[in-house]
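Notes to accompany the following structure.
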C-alpha cells in the first residue's frame, strides 16, 4: 500500500489500471491518480515499464503473415473472373486488363458506385465506432469496480441522484428506482466514454453490479436492445427517448435482459407517446 497526497491506492487493485493507462483508456482524473501512485511505488513503476516494453516489442514485431503470391494466384484461379478479390500479375499482361476493366466499371456507374461505396464506408465506420464504444464502456465498468470508484453520489434515492448531474451534462439522464423489482439503485457517477462526459447510473442485483451509461451520442442507434459479451461481461445497448443506453454487468444475460426491459418499460411509463 502506498500513498500520494490524499490518494491511497492498493497495488493489486492498481494492476488493471496500469494496462488501461498504457492503452490510453483512462480519463484525466484516473491518469493523475495512477501516475501519482506509480511515482511513489517502485513495484508498480517497474510493472508499468514492463507493460510499456511489451507493448513496444509487440508493435515492432511482424505478427501478420501475408499470403504467398503462389497461394493468391491459386485462389484467384478457382474463382470466377469477376469474383476475384485481388489482381494477380501474369506474363500476358492480364493484370493491366483487369485494372482497366475495374476502372471501366466505375466510369460506367460513377454515381451508383459512389453511393454504394459511401454506404459501405458508413456501415464500417459505425461498426468500428460501436466496437470502440463497447470496449470503452466495459473498461469504464471494470474501473468502477476498483475500491472507491463506483459512485460519486451514493444513495438509493432517485430524487437525489438525478439532480446531482445538473450542470455536469448537456442532458438530464433518467434515474429510475427499480429496487422493488429486484434491481437496487446504488447511486450515480460521472464518467467519460469516447472522450465525452456521460452519466452512469449504478444498480445491484444480489452481488452483481450493473453500470447503466446514458448519453446523447454513444452509438446505440437500435430501438431494441442489442446484446454482446466482451471480456466476460454482458453488454446491452439501445436507443430510446433521444438517448443512448449501455448496460454492462457480469450478471447473466437473461437477468440483464430483464433489467433492460424494466428500464425501457419505466421510460415509456414516464414518457407515454
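The values are calculated or read from the model by the stated rules, or taken from the named source; none is laboratory data. Small disclaimer: the values here were computed from a predicted structure and weren't measured. Cβ: placed from backbone, ideal geometry, glycine included. Neighbour counts: every protein chain shown.
For the range 257-271, filtered to residues that are out of contact with any helix residue (DSSP H, G or I) (no Cβ under 7 Å at 6 or more places or on another chain) and within 9 Å of residue 176 (Cβ to Cβ), the residue that is surrounded by the fewest Cβ atoms within 10 Å (Cβ to Cβ) is 270.
Among the conditions (1) over 23 Å from residue 139 (Cα atoms); (2) modelled with pLDDT of 90 or more, the only one that residue 269 does not satisfy is (2). Test residue 72 against the criterion of being at pLDDT 70 or above, out of contact with any helix residue (DSSP H, G or I) (no Cβ under 7 Å at 6 or more places or on another chain) and not assigned by TED's automatic domain parsing to the domain that holds residue 19, and give yes or no. Here the answer is yes, as residue 72 does meet what is asked. Checking each residue in the range 152-171 for being surrounded by fewer than 16 Cβ atoms within 10 Å (Cβ to Cβ) and touching a strand residue (DSSP E or B) at 6+ places or on another chain (Cβ under 9 Å) picks out 154, 155, 156, 157, 160, 168, 170, 171. Of all the numbered requirements in (1) modelled with pLDDT of 75 or more; (2) over 27 Å from residue 231 (Cα atoms), residue 47 misses one, and that requirement is (2).
Residues in the range 22-39 that are within 18 Å of the chain's Cα centre (by Cα) and within 17 Å of residue 141 (Cβ to Cβ): 23, 25, 26, 27, 30. Count of the range 175-192 residues, restricted to those that are in contact (Cβ under 8 Å) with a residue 40 or more places away in the chain and assigned to a helix (DSSP H, G or I), is 1. Residues in the range 218-236 that are surrounded by 15 or more Cβ atoms within 10 Å (Cβ to Cβ) and either more than 15 Å from residue 260 (Cα to Cα) or modelled with pLDDT of 90 or more (or both): 218, 219, 230, 233, 234, 235, 236.
The one condition from (1) in a loop (DSSP other than H, G, I, E, B); (2) modelled with pLDDT under 90; (3) under 26 Å from residue 268 (Cβ atoms); (4) under 21 Å from the mean Cα position of the chain (by Cα) that residue 172 does not meet is (4).
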